[in-house]
Each structure stands twice: as structure tokens, then as C-alpha cells.
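Novice: Could you have a look at this structure, given as C-alpha cells, before my questions?
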Amino acid sequence: MSSSGTNETPLTELSFSVSGRIARPVAEVYEAVADPAQLSKYFTTGGARGRLEPGAEVSWDFHDFPGRFPVQVVEADPPRRLVIRWEAEGGMVGPDNTVTFEFEPIDDDARTLVTITESAWRADPEGARIAFGNCEGWTGMLAGMKVWLEHRITLREGFYA
């Protein structure tokens, strides 16, 4: 029992969610994540290979983390949800972590609320370090996607390399 007199479940796994609103219809925003050509414009600085479709294994490359990252598509429900798994650099509960993209139309589909949730890190200093780093990365992805879709500006160009 904790000092407050309540039973607390020990923290065994770390996860986080980041959200942002993009002034484009939900189908257009979903497509910006699923389509490797668009994803390469604002997020995967080294390029994306393969469309995010159910059962697909695609790869992403980043200038700031050189080397291809294999990405397994677990679920694709256009235009509302994508679920992927990929291997992080360590600190995970299992071999892969899970990333869920949720797309919610708002303002009569004039805007889209995008929520990205990633989970599966150990609740220890190494797991926290990596989770915080990935949280920064997904927040950067949302910012990059917003300026790409709304203004066709590539925010990450020259940012990392």
C-alpha cells in the first residue's frame, strides 16, 4: 500500500500519445501517412519504401538514424486507423513496439485530429530515455505533416543532416 492508503499497480511498461490537428480532410491526412511518397516528403528523411497496407512489411530510413527500419503493418482501416510494429533500439518489454495512428474528422471533416500512441518500453531509465526520444520524433512528425499538408513546406529538410 502506498502512503496515500490506496493500492497502486506497479508501472511495468511505458507508453505515450501525441496529438495534433491538421486543416485537411481525414482521408487526405490518412493518405499522407499510408503513401510512401508523401511520408518521404515530411518524415522519413532517408525515404519510405512500401505502402502501409494490412500485412505489408515496409521500410523507413532517416538521416538522423541511418539504416533501414523494417515496419510491419498490423492493421489498416482507411481513413481512420493504422497500426504498425517496429523494432526500437532497445529498452523494450518485447521484441517490437506498437505504434497506433488514429485519424478523427473534426469540424465537418475540414480538419483532422491525429493521435499517435506508441508503447512497449520497460519502465526503467533506458526504456524512458528511448520512449522520450521517440515521443520527440512523433511530435516532429506531426509538425512536419501539418506544414506539408497545409503549406507544402518540408520542415525536416536540412534539420538532421
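The values are calculated or read from the model by the stated rules, or taken from the named source; none is laboratory data. Keep in mind that this is a model prediction, so the values were computed, not measured. Cβ placement follows ideal geometry from the backbone for every residue including glycine, while neighbour counts extend to all protein chains displayed.
Novice: Would it be correct to say that D109 is modelled with pLDDT of 85 or more, of a type outside the set (G, A, S) and assigned to a loop (DSSP other than H, G, I, E, B)?
Specialist: So D109 passes the test.
Novice: Now for a different question. Within the stretch 51-66, is even one residue more than 30 Å from P10 (Cα to Cα), at pLDDT below 90, among the aromatic types (F, W, Y) and not in a strand (DSSP E or B)?
Specialist: Yes, the stretch 51-66 contains a residue that is more than 30 Å from P10 (Cα to Cα), at pLDDT below 90, among the aromatic types (F, W, Y) and not in a strand (DSSP E or B).
Novice: Here is a follow-up. Among the numbered criteria (1) more than 14 Å from A27 (Cβ to Cβ); (2) surrounded by 18 or more Cβ atoms within 10 Å (Cβ to Cβ); (3) of a type outside the set (V, I, T), which one does F101 miss?
Specialist: (1)
Novice: Is one or more of the residues making up the stretch 123-141 assigned to a strand (DSSP E or B) and farther than 19 Å from G47 by Cβ? I'd like the intermediate steps shown before the answer.
Specialist: Step one: of the stretch 123-141, the residues assigned to a strand (DSSP E or B) are none.
No, the stretch 123-141 contains no residue that is assigned to a strand (DSSP E or B) and farther than 19 Å from G47 by Cβ.
Novice: If you scan the stretch 142-156, which residues turn out to be touching a residue at least 40 places away in the same chain (Cβ under 8 Å) and either closer than 23 Å to G46 by Cβ or not in a helix (DSSP H, G or I) (or both)?
Specialist: L142, A143, G144, M145, K146, V147, W148, L149, T154, L155, R156
Novice: Taking the condition of being more than 17 Å from E87 (Cα to Cα) and either of a type in the set (V, I, T) or under 12 Å from the mean Cα position of the chain (by Cα) (or both), how many residues in the stretch 108-135 meet it?
Specialist: 3
Novice: Taking the stretch 110-161 as the search range and keeping residues that are in contact with an Asp or Glu (Cβ under 7 Å, 6 or more places away or on another chain) and hydroxyl-bearing (S, T, Y), which one is surrounded by the fewest Cβ atoms within 10 Å (Cβ to Cβ)?
Specialist: Y160
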